[in-house]
1. So, in the stretch 211-225, exactly how many residues are over 25 Å from the mean Cα position of the chain (by Cα) and free of Cβ contacts under 8 Å to residues at least 12 places away in the same chain?
2. The conditions are (1) among the hydrophobic types (A, V, I, L, M, F, W, C); (2) part of a strand (DSSP E or B); (3) closer than 19 Å to residue 230 by Cα, and residue 120 fails exactly one of them. Which is it?
3. Taking strands (runs of 3 or more DSSP E) that do not extend beyond the stretch 21-72, which have at least 1 residues that are under 14 Å from residue 84 (Cα atoms) and within 13 Å of the chain's Cα centre (by Cα)?
4. Return only the number of the condition from (1) over 30 Å from residue 137 (Cβ atoms); (2) modelled with pLDDT of 95 or more; (3) in contact with a strand residue (DSSP E or B) (Cβ under 6 Å, 6 or more places away or on another chain); (4) surrounded by 17 or more Cβ atoms within 10 Å (Cβ to Cβ) that residue 260 does not satisfy.
5. Of the numbered conditions (1) of a type outside the set (Phe, Trp, Tyr); (2) assigned to a helix (DSSP H, G or I); (3) at pLDDT 95 or above, residue 201 satisfies every one except a single condition; which is it?
6. Of all residues in the stretch 36-93, which are closer than 18 Å to residue 13 by Cβ and of a type in the set (Ser, Thr, Tyr)?
7. Can you name every residue in the stretch 1-53 that is of a type in the set (Asp, Glu), without any contact (Cβ under 8 Å) to a residue 40 or more places away in the chain and either under 21 Å from residue 66 (Cα atoms) or surrounded by 12 or more Cβ atoms within 10 Å (Cβ to Cβ) (or both)?
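The values are calculated or read from the model by the stated rules, or taken from the named source; none is laboratory data. Owing to the predicted nature of the structure, the values given are computational and were not obtained by experimental measurement. For neighbour counting, all protein chains shown are included, and Cβ atoms are generated from backbone atoms with ideal geometry for every residue, glycine included.
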Amino acid sequence: MNTREQIIKIHAEILENKSLGADFYQLRLKFPEQVKALPAQFVMLSFAERRDLYLPRPFSIFDCEGNTLQILYKIVGKGSAYLASLREKDKLQCTMPLGNSFEKPDGADEIFLVGGGFGVAPLHFFKKYYASQLQRETHFLVGAKTREQLSFLPILKDTDEIHVATDDGSSGFKGFVTELFAKKFAEILETRKLKSVLILACGPSNMLKALKEMLSSLRLQTKVTMRAYFSMEARMACGFGVCNGCVVKTKNGYKRVCYEGPVFDADNLLFD
């Protein structure tokens, strides 16, 4: 879905920048006017006061309502570390909304949201944004290496039951979240017939690669129609498609995550 609201560059005030543990943070921003965004779109945050952080940083939108916007992020580098140091009433320059968005939840018998780490952010936004249109339970699957890396789970409390997978088995299903998906999918097939399934996913590249391979296998085994869309993660410098620094390989050549994406039809993506 390529619908884009009018892109704005505006200063926002920090309402809260709360540590969730394990280097995860929940950032709440207040804007001078109502802001609009769609699930999987993102913002570019600029730190003008830091000359060593000249380039803006991209962040997925976790929630957007009225004149407030929330971001779930993890400290992974110098930019996010500086962001974590900011406090209430500090100001940030935001460029938004950028990128395309997830498909509407139309015509699917079941919907699966598959997230790895802070890849849950756009999936949470999808779940809330389309809450009134979701006729069946939406299966929200979250994966991490260990239980400690799931410190953000309490802020997902407004969703239905969350199914957790950890690599070491310290919480929920022991194994990869892709394996948990296959398990849940098989359980549903045992109880009812499925014609169409929608899968939305966001997370590390190796997780998405494994999920795509699994979907190809399940299609052959079950004959269920599966529509899958992945929100890709990439380093970005501009957010507008100018620098070509965030490309991913597709069947139609290289595409820019910030402009043609971040959401791509999984069938068109090529993983090394």
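1. Summing the residues that are over 25 Å from the mean Cα position of the chain (by Cα) and free of Cβ contacts under 8 Å to residues at least 12 places away in the same chain in the stretch 211-225 gives 3.
2. Going through (1) among the hydrophobic types (A, V, I, L, M, F, W, C); (2) part of a strand (DSSP E or B); (3) closer than 19 Å to residue 230 by Cα one by one, residue 120 breaks only (2).
3. Filter on the stretch 21-72 gives 57-60.
4. Single failed check for residue 260: (3).
5. (2)
6. Correct list: 46, 68, 73, 82, 85.
7. If the condition is that a residue be of a type in the set (Asp, Glu), without any contact (Cβ under 8 Å) to a residue 40 or more places away in the chain and either under 21 Å from residue 66 (Cα atoms) or surrounded by 12 or more Cβ atoms within 10 Å (Cβ to Cβ) (or both), then 33 is the only one that fits.
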